[in-house]
Structure formats: structure tokens, C-alpha cells
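A short write-up of the structure that comes next.
The values are calculated or read from the model by the stated rules, or taken from the named source; none is laboratory data. Just so you know, these numbers come straight off a predicted model, no measurement behind them. As a convention, Cβ positions derive from the backbone with ideal geometry for all residues, glycine included, and neighbour counts pool all protein chains shown. Note: accessible area is taken over every heavy atom of the protein model, side chains too, but ligands, DNA and RNA are not part of it. Shrake-Rupley method; radii C 1.70, N 1.55, O 1.52, S 1.80 Å.
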Amino acid sequence: MLMTMKSAVAIVLVILSMVGAGEAIWLTLPPTGTKCVSEEIQNNVIVLGDYVVVSDDHSHSSTISIKVTSPYGNNLHHRENITHGQFAFTTQEGGNYLACFWVDGSNHGGGDVSVNLDWKTGIAAKDWESVARKEKIEISLLFNGTSADFGLATEGACDLHGNGNVGRVRDELILNLGLSWKYGLERGVELELRKLEGAVEAIHENLLHLKGREAEMRDVSEKTNARVVWFSMMSVAVCISVSALQLWHLKRFFEKKKLI
């Protein structure tokens, strides 16, 4: 039973590591110009970003500016003359979200500046640490309460019956501690299953989004195909009409010249 639960936890962790939507990006900014990072994100998705300037010279660190915009050009985050920071928002529209970085004019070194960007979206941006902390507190209280009860039970049994019942109480203590540890492990598995459930929901939402996009693209393709067919038919009709008009005009010309 224990090996089965450990295997389940391992499988959950592997799946979560595969579906995590977090990415650390290393950017090298030139002294002049702008570098941007974009990601296509659907509506109602949490986005978190942490960025920091990485400098070999700890005595002097170059400052940068950042601007995060939505697909419709709305300004979501804008900072200047900074070395680190973070942004967080929930998307209100689907499309490409853009994060642009550039070096401020106060960069006296004149060289390239390295920036580390930790970009998280969806399930990877959810605060699982607070959930895990809450689970650990519940498990800790469970263990503390159980140990206190067992200590009182052991002390009472020894006082009432003497040392003859110490072995039996010890066995009960070990059994109950084992059951409590098993329950705590199940609570940990429950937390991992919650993560897995969130990941599955995120995948399902992405699949629905892709399905909707595929339907839109199919409609556009069918409309374009229909327009091309009508345009081709009109082109053929125009060519036939022009050819008939040319034949009629040449026939009249030759008849006037009495060549036919």
C-alpha cells in the first residue's frame, strides 16, 4: 500500500513537471534598441513575471526599462530606471501579450545588459505554496494532537495498571502513529492531485481554445475558398465575353472590307 501511494505521488509529480507552463528566459539587451518577448494567451488567464538585471560587476548595475502591453495596446506594466521588478495581471482579452525591455541612457558601460525573465502563465502562476503551507499546518496539528493524546493514554495506562500494560499501549501508539502518518501522506497526495486537477483543467481549456480557433480558421478558409471559386468563374466569364466581343468585332471589320 505504501509503495503504491509513493508511486502515485511520483507519477503526479512527473505529470505536473510536464504540464507546467512556466519558463525562464535569458535576454541580452544591446546598448541601443529594444528586445521584446511575446506569448499568445487566451482570455481570463493569470500571468506572473519576475525580472532582474544580471551583472558581473556588483559595484555598478545597469538600469533598464520595461513595458508590458496587451494585444490591443493597453499598458499593463511600465517601469523605468530599475534593476529588478515583477508584474502580475489577469488577461482580459486573447492574443499576443508583449513585454519589451531596453537599456536606459544612464548605462555608462555601453555594453550589453543581461536580464533574467521568469514568465509564468496559467497553472504555473497559481500560488500553490499557500495551499501547501495550509496542508502542512493541518498535518502538523494532526500529529501534535495525536502525540499528546497518546502520551496521556500511555501515562494513564501505566498509572492504573502498572508496567504490565506498557507494551500493549506502546503497540497501540505505534499503530495509531502509523495510521496518522498514512493520513498525512494521503493529505499530501490530495494536494498533488489538486495540482494535477488544475493542470488537467488548464489543458482542457487550452484544447477548447484551440478547437474554437480551428473552427474560426476553418470558416475563414471556407469563405476564402468560396470567394476564390466565384472570382475564378467571373474571370472565365469575362474572358469568354471578351473573346466573343473580339470575334464579333473582327467579323464586322472583315465584312466591311469585303474580305469575307
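Things worth noting here:
- In the set G164, G122, G145, G151, only one residue is on the phi > 0 side of the Ramachandran plot and at pLDDT below 85; that residue is G122.
- Yes/no for L196 being closer than 25 Å to E40 by Cα and surrounded by 10 or more Cβ atoms within 10 Å (Cβ to Cβ): yes
Rundown of residues vs (1) touching a helix residue (DSSP H, G or I) at 6+ places or on another chain (Cβ under 6 Å); (2) under 30 Å from V45 (Cα atoms); (3) outside any helix (DSSP H, G or I), yes/no style:
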position: L191; (1), (2), (3): yes, yes, no
position: E214; (1), (2), (3): no, yes, no
position: S221; (1), (2), (3): no, yes, no
position: V228; (1), (2), (3): no, no, no
position: Q246; (1), (2), (3): no, no, no
position: H249; (1), (2), (3): no, no, no
position: F254; (1), (2), (3): no, no, no
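- Long-range neighbours under 9 Å by Cβ, at least six apart or interchain, first residue closer than 27 Å to G94 by Cβ and assigned to a loop (DSSP other than H, G, I, E, B) within the range 109-132, second modelled with pLDDT under 85 and open to solvent by 30 Å² or more (accessible area, probe 1.4 Å): K126/K195
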